[in-house]
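Values quoted throughout were computed directly from the atomic coordinates according to the rules given, and no laboratory measurement underlies them. Predicted, not measured: the structure shown is a model, and the values here were computed from it. Cβ placement follows ideal geometry from the backbone for every residue including glycine, while neighbour counts extend to all protein chains displayed.
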Amino acid sequence: MARRLTEKKIVVASHNAGKVREINDLLRPFGLQAVSASELDLPEPDETEDSFIGNALLKARAAAVASGLPALSDDSGLAVDALDGAPGIHSARYAGPDRDFRFGMERLNREMGESGRPERSARFICALALVWPDGTEAAFEGRVEGEIVWPPRGTRGFGYDPVFRPAGHAITFGEMDPDAKHGMSHRADAFRQLIAACLTD
Ligand code: IMP
């Protein structure tokens, strides 16, 4: 059984402002005070593992050791079937050194066209890891199924949101109200598991 989080202050082991914002929205109902790795000026470790959970654990371990606080990290990405699961764990790097997601979305559309495969199916995957300074660890993986649309639609959210339309919905994450995205996203799915295991009695 996973350890319960009783501390009120934690560090969110991410320098991605969009992710930190969404994680804070999801943590707020639990009365947790979350400071970000950027606020504490923590170094960003290289993501050297070959899985979402492996990279999430690596980031949370580094932040817990450096801050002395329980650390929550998110490693996430978009897996596209026509690209055999790419960009996957490389989703941030796929958008180039400047993390230009307009470029990343155009690259995705181009490579899907070049693949010659008709399927548009894809999923967002999110691994959340919670690591305490004494080395106790818990990790969870969530996902949301959908399709890649072209051209991009909407200016909300972040990253690849404008090209991802979740299954059963007419609009993309980029067009969706943030509360609606929080109700169905890969991050929300992983959070539900973390809350059940570590935040509720
Ligand atoms: P990393 O987990 O920091 O390595 O980066 C994950 C990357 O996946 C982000 O930079 C985004 O490009 C993408 N990503 C993860 N979650 C989302 C999401 O909810 N919406 C859009 N893009 C996402």
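Observations on the structure shown:
- For the chain, the dipole from Cβ point charges (+1 on Lys and Arg, -1 on Asp and Glu) about the Cα centre works out to 420 debye, to the nearest 20.
- Point-to-point label distance, residue 177-residue 6, nm (Cα→Cβ direction, 7 Å offset): 3.9
- Where the Cα pairs of region 54-133 fall when distances are cut into 10 Å bins, in %: 19, 38, 26, 14, 4
- C-alpha long axis of helix 17-27 to longest principal axis of the chain, angle in °: 60
- Centre-to-centre, using Cα atoms only, region 13-81 and region 143-162 are separated by 22 Å.
- Using C-alpha pairs under 8 Å with a sequence gap of at least 6, the mean separation divided by the residue count of region 82-145 gives a relative contact order of 26 percent.
- Degrees between helix 101-115 axis and first principal axis of the chain (Cα, 0 to 90, nearest 10): 50
- Tilt relative to the chain, helix 52-67 - C-alpha long axis, 0 to 90 degrees, to 10: 40
- Counting Lys and Arg as +1 and Asp and Glu as -1 over every other residue whose Cβ lies under 9 Å from the Cβ of residue 148, the net charge comes to +1.
- Size descriptor for region 9-199, Kirkwood hydrodynamic radius: 16.8 Å (Cα pairs only, one decimal).
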